[in-house]
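Each value in this text was obtained by applying a stated rule to the coordinates, not by laboratory testing. All of these numbers come straight from a predicted model, not from anything done at the bench. We place every Cβ from the backbone using ideal geometry, glycine too, and count neighbours over all the protein chains shown.
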Amino acid sequence: MGQIEWAMWANEQALAAGLIMLTGGIVAVAGQFKGWYFAAYAIAAGVFVCLLEYPRSKRKKGSTMERCGQKYMTAVVKVFGPLTRNYYIRAILHAALAVPAGFLLSTILGTVCLGIASGIYLLAAVRGEEWRPIEQKPRERPHVGDTIKQPPTNPPPRPPADARKKPPAEAGGQVNPIAVEAE
Amino acid sequence: MYVHVCLGCGPYVMWTMCAACIEVHVCTIARGQCRHLCNTGTRHTPYVCVCLLFVSSSLPKSGGERDKSSWGSYSPCLFLCLFVARFCSESLNATCNQRFRGMFCMQKALSAPSSLHHKVFLALPQCMALLENLPALLSWAAVLLFASDVRGLCISRASASVLNLNCCLVLLPMCRVLLAFLRGSQKVASRKTRRLLDKSKTFHVTCGVTICIFSVVHVAAHLVNALNFSENYSEDFLALNVANYRGEDPRKLLFATVPGLTGVIMVLVLFLMCTASTYAIRVSNYDIFWYTHNLFFVFYVLLLMHVSGGVLKYQSNLEEHPPGCFNPNKTLRENTTVPKAFEELFPDYTTEPFPEDLSVPEPFVQNNFVRICSKEPKFQSHFPETWFWISGPLCLYCVERLYRYIRSNKPVTITSVISHPSNVLEVRMMKVNFKARPGQYVILHCPRVSALESHPFTLTMCPTDTKATFGVHLKVVGDWTERFRDLLLLHSSQDKEILPIFQQRHYPKLYVDGPFGSPFEESLNYEVSLCVAGGIGVTPFASILNTLLDGWKCYKLRRLYFIWVCRDIESFRWFADLLCMLHNKLWQENRPDYINIQLYLSQTDGIQKIIGEKYQALNSRLLIGRPRWKLLFDEIAKCNRRKTIGVFCCGPNKISKILHKLSNVSNSYGTRFEYNKESFS
């Protein structure tokens, strides 16, 4: 079986369940069904679940595909620390959010889906998984010319590098090979 | 006097043919006879759509335009057309058709106050009169607007017919043995059809997504239907009711009946399968995808049970109890509210076939003819047509799985295990009656490594007439390959060792399922082929090269451009011997230009710049840096004017995209590049 990361699947399920609850809630509120207060609650719960589940957690091994635009929500979710990091809390939270929407026919599917997601989160928590934010790697500046330590001090023509090890103070003046007479 | 659109006929009979319906509110025989055409029309819509799908996919593409031969672009439009067509035809049927009337229209007619009844049934033909001049399509809209009660049923029936088609089609791309057979039989399928087979996974995904979308529509429509069934309970036609009493809780209808419960469980199964099939999950945790996807069998069993509920019924004794007939035994209360127009609206249905000429209406159309019922109506459930749709592909798939199981049940004998640089392992084995074409892949299953997992690997060496050994090269990347390598190398102490069979060590049991087809088989069927490999993606081309080593004259291929891009120079040693041998052989046979080898080392900061002392032919063809694809394509096009070149790529997605784009660009030399794409995972 290998190392299956259940949390990733639970994350996808919870996101889908949030969308389903949102849709069911909108339909019920728009159609003004009997008991549409539950639908209004379902809309709020759906939005909250979608926002919470949008940032994907970092995998233990290998690179993770980020959802587009996830870094803003990552910053928000990271703030809550252990509340969002621990999957036990998430499982209980999702189970609690799911229950009130079960009283209306149009949102009952959202309830069941969120319930399943909560169960899978429980499984992930039991196996010791955690939510880890995907950090943005700082952009490394390209190393241009590591071999160039400092620019040369003499004008050309220059002797090769070994001969250049003479201290530069000596090569300050121009040494003429033939004496120059100023007339 | 004016001609109007015959409601019962819809699009299948032109309105001019219904000239018999002269008086708008009296459309009797003509309407009834038109209905037969309607029935045949609705039944044929799925077939028409499937034919259109195939026809449009195999249309020839002119050279130079972007190739759009993808199932992805055609099939969703066709499924949507099917939905719309079926929905409209069902709604038309609903307004003047027996079966739905029994549930909704009759109910309204008999118990509703006469004013409402008048409104519903008299407004309808009057509006039809208004719309007489508009084309038939627009008149459907009016029908839909007024037939509000039946809309839920129409939508659910229409989405059900799309679901029927898709549940049938989604299984077909997964019949790998069948597809491999179609690919191999060159007489059966032309190259265009074989290229369509490359897209089978995309088609499967499209059908799957369509199933999800239309299931949502179907469920929503049935929720509305559940409400309607409980509200519009008909006391007169008890057999027609789905609910047990008026005002029954719709939730009971949903969860306590067989169709309802199976439907709910199917939705949950679909939810599990759908969330586990996203790209991110497939890339990171393939196991979750694989195990949940096997729930499809549960889905199909539930689907077969779902349609056996027999919810929709039709009347089986039309002659004894024509609809709208006058029952003298009924109470006076109902009789007094029956207006005169009532009888005229309900036509007399006959079971005679549609006559060829329909010019003069029968004289009794003018009379207000009232019929007397002799018996109570009897209703019978429709035969579930889903069983017809699904049974074929399901049986085919089951037969294929059984065949694959039987064929792969005999373990292979591993002859040698060779360890190559850069974490690659070569396994050579033998199996009785194993035949494979170059480019095909097999699925390996080793119970000692993992009881449930099995992984696909491309064959790098195919069995020939003289040599029955075949081999795979596998790169050790995940946990399965790691454990497999540890198990195999444990049994062979040295790195490179080839033992005769009778001295074979006790390797773990290995089962091979396959071989299955892939697009790379096509490279031998082009006159000129360009094969681009990235890293371990060279494996399909290795089998092609091995085949050419045995004999190159019998294939259509006349020139092969082989480009291999690697990050690490040691990787080239996997097939350096093979390349050199082939190169030498072709030189000996005076065809040095048959294969054009270019090796690229994409990481430029390595120290070693040659592959090995003895691989001089490859050292001189090794280039440092990434290939420049545009220049390459230009050069190939220039050297092979007006030819069709097959482009094959097995490597990272980036390279694949660039090659696909370049293949679709037209060039001034008249050369055509056909890109053959493989879809993984």
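General observations
- Taking Cα centre as origin and charging only the Cβ of basic (Lys, Arg, +1) and acidic (Asp, Glu, -1) residues, the dipole magnitude of the stretch A:1-132 rounds to 400 debye.
- Residue-wise HN-Hα coupling along the stretch B:220-228, computed from phi with Karplus coefficients 6.51, -1.76, 1.60 (Hz; x: Gly, Pro): 4, 5, 6, 5, 5, 4, 4, 4, 5
- Annotation: extensible slack from residue A:136 through residue A:51 equals 28.6 nm (criterion: 0.36 nm per residue apart, minus Cα-Cα distance).
- Prolate/oblate/rounded call for the stretch B:528-681, Cα gyration tensor, a/c under 1.5 rounded: oblate
- Cβ-based exposure ranking for B:580, B:639, in which fewest neighbours within 10 Å come first: B:639, B:580
- With each label modelled as a point 7 angstrom along the Cα→C-beta vector, the residue B:295-residue B:405 pair spans 2.2 nm.
- Tensor-based shape of the stretch B:227-316 (alpha-carbon gyration tensor, a/c under 1.5 rounded, otherwise prolate or oblate): prolate
- Shielding by partners for peptide B:274-287, expressed as the average number of C-beta atoms from other protein chains within 10 Å of each residue's C-beta, is 5.
- Residue B:624 versus residue B:423: modelled label distance in nm, points set 7 Å from Cα along the beta carbon direction: 2.5 nm
- Shielding by partners, peptide A:56-63 (average Cβ within 10 angstrom, other chains): 2
- Spin-label model distance (nm) - residue B:265 vs residue B:568, 7 Å beyond Cα toward Cβ: 5.0 nm
- Cα centroid of the stretch B:618-661 to Cα centroid of the stretch B:512-537, whole Å: 15 Å
- Sorted by Cβ density within 10 Å, fewest first, the residues A:50, B:566: A:50, B:566
- Residues whose placed amide H lies under 5 Å from that of residue B:647, excluding near-sequence neighbours: B:530, B:674, B:675, B:676
- Footprinting exposure proxy ranking of A:104, A:114, fewest other C-beta atoms within 10 angstrom first, gives A:104, A:114.
- Other protein chain Cβ atoms within 10 Å, averaged over every residue that makes up A:8-15: 5
- Per-pair calculated FRET efficiency, R0 = 41 Å: residue B:654 and residue A:126 via Cβ, rounded to 0.05: 0.55
- In a fully extended conformation the segment linking residue B:193 and residue B:614 would gain 147.1 nm over its present Cα-Cα distance, using 0.36 nm per residue.
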